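Peer 1: Before I ask anything, here is the structure I am working with.
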Amino acid sequence: WRTQAPLIVEINRLKREKNAAILAHNYMTPDIFHGVGDFVGDSLALAKEAAKSDATIIVQAGVHFMAETSKVLSPEKKILIPDLKAGCSLASSITGADVRLIKQRYPGVPVVTYVNTTADVKAETDICCTSANAVQVVEWAAQQWGTDKVILIPDEFLARNVARQTDVEIIAWAGHCEVHKRFTAQDIADMRAAWPGAEVLAHPECPAEILEAADFAGSTAAMNDYVAARKPAQVVLITECSMASNVQAESPATQFIGPCNMCPHMKRITLKNIHDALVHERFEVTVDADVLDRARLAVQRMIDLPP
Ligand code: 13P
Ligand code: SF4
């Protein structure tokens, strides 16, 4: 922390000079999350903040699909990502052409797309969802389209998790988060044996066996809220490693115990490349006008749903 302090001070100065804001996802390391993030949170919260902010430059401390989503919602702003290679295994599991083929196969069935997708994929979509609102969005789409089926892509585990909570039939895709799919039911069994009193919280991108064994499943923001409200003595967060470090700051009385997995894409973002992004105003994320307008419809529909 002490060695990072001058860089944090300089980044915060650059933000003021350039009227820039930093959107930091919950999986950013604590130096970014607490040191320079203007808005922090889950995918849904960051997408909304990008649209509301009056900054002219947004630095997305997160992965590429998040920067695209910010651009889609704020086309007039300059959206920067500190490392263009910060991708996502879910976003790269499906293309716009794939979605067009799925739609041909299931005519009249609405397409709900997880926000962890490219703008190209969102442009083929009827409405987006996040892990926090997927059940609500699926039920809304089924009702609006008057169907008993909904296509929910690309996360197969999120789709299965939603299918357990609704009567709507879910048509899924075989995309996975490379971080959450590595957890096993044995991980949870081992934790329960070692820490019998610990509460186990898992992200809905985990395989079904994990979610069945957990005490609670929710988005990164939902996990944060759960810990803040219930203040468990010990908690296991089955998700990306930085999550526990960031939540811990607000719940010092709770003991956070492993296991966790690291997202190599999120970890490409550092204080150093955030600084360079602000100095050189790089790397700008752009989206074709036609794709942007169609993708915005899908994201905006989600944002406009009642809470
Ligand atoms: P949420 O923050 O929406 O829960 O998403 C988690 C994630 O994996 C983002 O990449
Ligand atoms: Fe993608 Fe998973 Fe990394 Fe999130 S944690 S960016 S879903 S690979």
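The values are calculated or read from the model by the stated rules, or taken from the named source; none is laboratory data. Computed from a predicted model, the values in this text were never measured in an experiment. Here Cβ is always computed from backbone atoms with ideal geometry, including for glycine, and neighbour counts include all displayed protein chains. Accessible surface areas use protein heavy atoms only, side chains included; no ligands, DNA or RNA. Shrake-Rupley method; radii C 1.70, N 1.55, O 1.52, S 1.80 Å.
Peer 1: Regarding residue 128, is this residue in a strand (DSSP E or B) and either within 16 Å of ligand 2 (Cβ to nearest atom) or touching a Ser or Thr at 6+ places or on another chain (Cβ under 6 Å) (or both)? Break it down stepwise before answering.
Peer 2: Working: in a strand (DSSP E or B): yes; either within 16 Å of ligand 2 (Cβ to nearest atom) or touching a Ser or Thr at 6+ places or on another chain (Cβ under 6 Å) (or both): yes.
Taking the combined requirement at face value, the residue satisfies it.
Peer 1: Then there's this: Keeping to segment 131-176, report how many residues are surrounded by 23 or more Cβ atoms within 10 Å (Cβ to Cβ) and part of a loop (DSSP other than H, G, I, E, B).
Peer 2: 2
Peer 1: Is at least one residue of segment 108-116 in the same structural domain as residue 127 (by TED's automatic domain parsing), open to solvent by 10 Å² or more (accessible area, probe 1.4 Å) and without any contact (Cβ under 8 Å) to a residue 40 or more places away in the chain?
Peer 2: Within segment 108-116, one or more residues are in the same structural domain as residue 127 (by TED's automatic domain parsing), open to solvent by 10 Å² or more (accessible area, probe 1.4 Å) and without any contact (Cβ under 8 Å) to a residue 40 or more places away in the chain.
Peer 1: Still on this structure, I have one more. From the list 193, 189, 249, exactly one residue is open to solvent by 30 Å² or more (accessible area, probe 1.4 Å), among the hydrophobic types (A, V, I, L, M, F, W, C), more than 15 Å from ligand 2 (Cβ to nearest atom) and modelled with pLDDT under 95. Which is it? Don't jump to the end; show me each part of the working.
Peer 2: On the way: 193 fails: modelled with pLDDT under 95; 189 fails: modelled with pLDDT under 95.
Exactly one residue qualifies, and that residue is 249.
Peer 1: Here's a follow-up. Taking the residues in segment 177-186 that are open to solvent by less than 70 Å² (accessible area, probe 1.4 Å) and not polar (S, T, N, Q) as candidates, determine which candidate is farthest from ligand 1 (Cβ to nearest atom).
Peer 2: To start, the set of residues in segment 177-186 that are open to solvent by less than 70 Å² (accessible area, probe 1.4 Å) comprises 177-180, 183-185.
Of the ones still in play, those that are also not polar (S, T, N, Q) are 177-180, 183, 185.
Values: 177: 6, 178: 10, 179: 7, 180: 7, 183: 13, 185: 20 Å.
Only one residue fits best here, namely 185.
Peer 1: On to the next question. Can you pull out the strands (runs of 3 or more DSSP E) entirely within segment 45-117 that have at least 2 residues that are touching a Pro at 6+ places or on another chain (Cβ under 9 Å)?
Peer 2: Numbers: elements: 57-61, 78-80, 111-114.
Once the strands (runs of 3 or more DSSP E) in segment 45-117 are filtered for at least 2 residues that are touching a Pro at 6+ places or on another chain (Cβ under 9 Å), what remains is 57-61, 111-114.
Peer 1: Would you please name the residue that is nearest to the chain's Cα centre (by Cα), looking only at residues in segment 252-286 that are polar (S, T, N, Q) and open to solvent by less than 60 Å² (accessible area, probe 1.4 Å)?
Peer 2: 261
Peer 1: If I ask for residues that are more than 15 Å from residue 121 (Cβ to Cβ), more than 13 Å from the chain's Cα centre (by Cα) and open to solvent by less than 10 Å² (accessible area, probe 1.4 Å), which ones from segment 59-76 would you list?
Peer 2: 59, 74
Peer 1: Let me spell it out: the conditions are (1) modelled with pLDDT under 95; (2) among the hydroxyl-bearing types (Ser, Thr, Tyr); (3) more than 16 Å from residue 261 (Cα to Cα), and residue 226 meets all of them except one. Which number is the exception?
Peer 2: (1)
Peer 1: Still on this model: Is segment 257-276 home to any residue that is in a helix (DSSP H, G or I), away from ligand 1 (no atom under 15 Å from the Cβ) and free of Cβ contacts under 8 Å to residues at least 12 places away in the same chain? Write out each step before concluding.
Peer 2: First, pick out the residues of segment 257-276 that are in a helix (DSSP H, G or I): 266-268, 271-276.
Checking the rest, the ones that are also away from ligand 1 (no atom under 15 Å from the Cβ) come to 271-276.
Remaining after also requiring free of Cβ contacts under 8 Å to residues at least 12 places away in the same chain: none.
No, segment 257-276 contains no residue that is in a helix (DSSP H, G or I), away from ligand 1 (no atom under 15 Å from the Cβ) and free of Cβ contacts under 8 Å to residues at least 12 places away in the same chain.
Peer 1: Within segment 159-176, how many residues are within 16 Å of ligand 1 (Cβ to nearest atom) and among the aliphatic types (A, V, I, L, M)? Show your work before the answer.
Peer 2: First, the residues of segment 159-176 that are within 16 Å of ligand 1 (Cβ to nearest atom): 159, 161-162, 175-176.
If we keep only those that are among the aliphatic types (A, V, I, L, M) too, we end up with 159, 162.
Within segment 159-176, residues that are within 16 Å of ligand 1 (Cβ to nearest atom) and among the aliphatic types (A, V, I, L, M) number 2.
Peer 1: Taking the criterion of being away from ligand 1 (no atom under 12 Å from the Cβ), within 22 Å of residue 123 (Cα to Cα), free of Cβ contacts under 8 Å to residues at least 60 places away in the same chain and out of contact with any Leu (no Cβ under 7 Å at 6 or more places or on another chain), would at least one residue in segment 44-56 satisfy it?
Peer 2: Among the residues of segment 44-56, at least one is away from ligand 1 (no atom under 12 Å from the Cβ), within 22 Å of residue 123 (Cα to Cα), free of Cβ contacts under 8 Å to residues at least 60 places away in the same chain and out of contact with any Leu (no Cβ under 7 Å at 6 or more places or on another chain), which makes the answer yes.
Peer 1: Still on this structure, I have one more. (1) touching a Cys at 6+ places or on another chain (Cβ under 6 Å); (2) within 18 Å of residue 224 (Cα to Cα); (3) among the β-branched types (Val, Ile, Thr): which one isn't true of residue 29, the others all being true?
Peer 2: The single condition residue 29 does not satisfy is (1).
Peer 1: Among (1) of a type in the set (Val, Ile, Thr); (2) open to solvent by 30 Å² or more (accessible area, probe 1.4 Å); (3) within 30 Å of residue 244 (Cα to Cα); (4) in contact with a strand residue (DSSP E or B) (Cβ under 8 Å, 6 or more places away or on another chain), there is one condition residue 56 misses while meeting the rest; what is its number?
Peer 2: (3)
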